[in-house]
1. Name the single residue that is surrounded by the most Cβ atoms within 10 Å (Cβ to Cβ) among those in the stretch 83-120 being farther than 23 Å from ILE58 by Cβ and free of Cβ contacts under 8 Å to residues at least 24 places away in the same chain.
2. Being among the hydrophobic types (A, V, I, L, M, F, W, C), under 17 Å from GLY121 (Cβ atoms) and either at pLDDT 95 or above or not in a strand (DSSP E or B) (or both) is the filter here, so list the residues in the stretch 91-100 that pass it.
3. Can you tell me how many residues in the stretch 101-128 are over 17 Å from THR41 (Cβ atoms) and either assigned to a strand (DSSP E or B) or touching a Lys or Arg at 6+ places or on another chain (Cβ under 6 Å) (or both)?
4. Pairs needed: first member in the stretch 65-77, closer than 18 Å to LEU55 by Cβ; second member anywhere, surrounded by 13 or more Cβ atoms within 10 Å (Cβ to Cβ) and among the polar types (S, T, N, Q); C-beta distance under 9 Å; at least 6 residues apart or different chains.
5. Among the residues of the stretch 100-140, count how many are over 18 Å from THR36 (Cα atoms) and among the hydrophobic types (A, V, I, L, M, F, W, C).
6. Please go through the stretch 23-77 and pick out each residue that is among the small types (Gly, Ala, Ser) and either surrounded by fewer than 15 Cβ atoms within 10 Å (Cβ to Cβ) or closer than 22 Å to CYS88 by Cβ (or both).
7. Which residue, of SER61, SER83, is over 18 Å from GLY26 (Cβ atoms) and of a type outside the set (Phe, Trp, Tyr)?
8. Of everything in the stretch 77-90, what is modelled with pLDDT of 90 or more and under 20 Å from ASN104 (Cβ atoms)? Give them in sequence order.
Amino acid sequence: MRIRFAVLAAALFALPAFAADPPQPGMWKVTVRSETNGAVTAERSDDRCLTADALKSIEKSFAPEQGANCKRLSYEWTGQRLSWRIACTVPIAMDNSGWYAFDNPQHYTGEIVVKMIIPGGVDMLSHTRLEGQRIGDCPH
C-alpha cells in the first residue's frame, strides 16, 4: 500500500513539471486564420525561428507590444498559458485581448481578439486564431 501511494505521489508531483515545460527553441510553422467584421481571410502559414534567447521572455515573443497610449489591463503566464488584455486610446480606441495555450513543448494554439472604434463611428472586430507546431531546428 505504501509503495502504491509513493508511486502515485511521485507521479502527481511530476505532472506539473511536465505540464509547465516551455516551448522548445527551433523553427515553428504558424498557421493563422482571421476574420474581420465577419469577413474570413485566407488561411496562411509562415515559418518562424524561435531562439532560446527569445523564449526567455514569453511575453516579448508572444504578447503584443504595449504602446505609449495603451494600458495593460491584465497579463498572466502560468507556465502553460499566456493571456493578456490591453486597452489603447490614441490614435484610435482599441481593446486587444488574447491567449496562447502551450499543450506541449512543440505545439500551441491561441486566439487574439481586437476591437477598434475608428473615428467616424466605424467599429471593427477582428478574431485571429493561431496554431504553432515545431517543425525542426532553425537554419544556421
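The values are calculated or read from the model by the stated rules, or taken from the named source; none is laboratory data. Fair warning: this is a prediction, and the values are worked out from it, not measured in the lab. Glycine also receives a Cβ, built like all others from the backbone with ideal geometry; neighbour counts cover every protein chain displayed.
1. LYS115
2. ILE92
3. Result for the stretch 101-128: 13.
4. TYR75/SER83; GLU76/SER83; TRP77/SER83
5. Count: 4.
6. SER34, GLY38, ALA39, ALA42, SER45, ALA52, SER57, SER61, ALA63, GLY67, ALA68, SER74
7. Numbers: SER61 fails: over 18 Å from GLY26 (Cβ atoms).
Sole residue among the options that is over 18 Å from GLY26 (Cβ atoms) and of a type outside the set (Phe, Trp, Tyr): SER83.
8. Answer for the stretch 77-90, where residues must be modelled with pLDDT of 90 or more and under 20 Å from ASN104 (Cβ atoms): TRP77, THR78, GLN80, ARG81, LEU82, SER83.
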